[in-house]
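Below is one structure, written out as structure tokens; the observations come after it.
Values in this text are rule-based calculations from the coordinates and carry no lab data. Source: prediction; values computed, not measured. Counting neighbours? That spans all protein chains shown, and the Cβs are built from the backbone with ideal geometry, glycine included.
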Amino acid sequence: MKQRIAVITGSVLAGLLIGCSQDTKQVKPISGPTVNRSSFLLSMEPQVATSIIKVRENASDGDDVVIVGRIGGSENPWIEGRAAFSIVDGSLKACSDIEGDNCPQPWDYCCETSKLPNATALVKIVDEGGNLVTTDARELFEVKELSTVIVKGKAKRDDAGNLTVLADGVYIKKK
């Protein structure tokens with residue numbers, strides 16, 4: 001009996017060790033239908049893109065806009081599980097753009113905090129029906145913090161003057 005318990009215990013431990021040595025990458029469950037990223041990716045770079053600061057100054061609710069910026073503006077510029085993120089005007093410097101600055105999160109623009117309120121926009125990728133796409137933007141576009149993007153869509157203003165772009169197209173600039 002003791003021998004049988006020892007064999008069973010040994011088998012279980014061996015199985016656990018083998019299981020633990022396997023690659024344990026986390027896989028995100030897919031929630032909803034798979035989104036075709038090509039329907040949102042612009043194949044050619046728009047020739048005219050306006051700075052976020054100028055669009056914030058001049059665009060009215062519902063205007064067609066094409067803006068350029070870098071993903072960032074906070075410690076976490078993403079809306080988890082959604083195709084939405086914040087971008088910052090190109091005139092601002094991320095901490096990584098400042099020689100000798102070793103900021104661990106340069107995309108939060110902590111060196112330019114006072115300028116952020118007038119130099120950021122929220123981007124929401126929307127489908128043909130105007131619904132927010134429920135695939136995380138990092139997965140959908142293979143982007144990360146400080147990626148430069150050109151976004152085409154409609155301006156949406158709130159009472160506080162904040163700018164959201166309801167985007168139907170994104171171009172990802174290569175470095």
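Figures for the structure shown
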| quantity | calculated |
| --- | --- |
| Burial ordering of I52, I71, fewest other beta-carbon atoms within 10 Å first | I71, I52 |
| Inter-label distance, nm, simple model (7 Å from Cα along the C-beta direction), E128/I79 | 2.2 |
| Order of F85, F141 under a 10 Å beta carbon neighbour criterion, fewest first | F141, F85 |
| q = 0.11, 0.21 Å⁻¹, the stretch 37-172: log10 I(q)/I(0) [Debye, one scatterer per Cα] | -0.35, -1.29 |
| Karplus-derived 3J(HN,Hα), 6.51/-1.76/1.60, for each residue of the stretch 140-151, Hz, glycine and proline x | 5, 10, 6, 10, 9, 4, 6, 5, 8, 10, 10, 10 |
| Residue order, fewest to most beta carbons within 10 Å, for S86, S60, S51 | S60, S51, S86 |
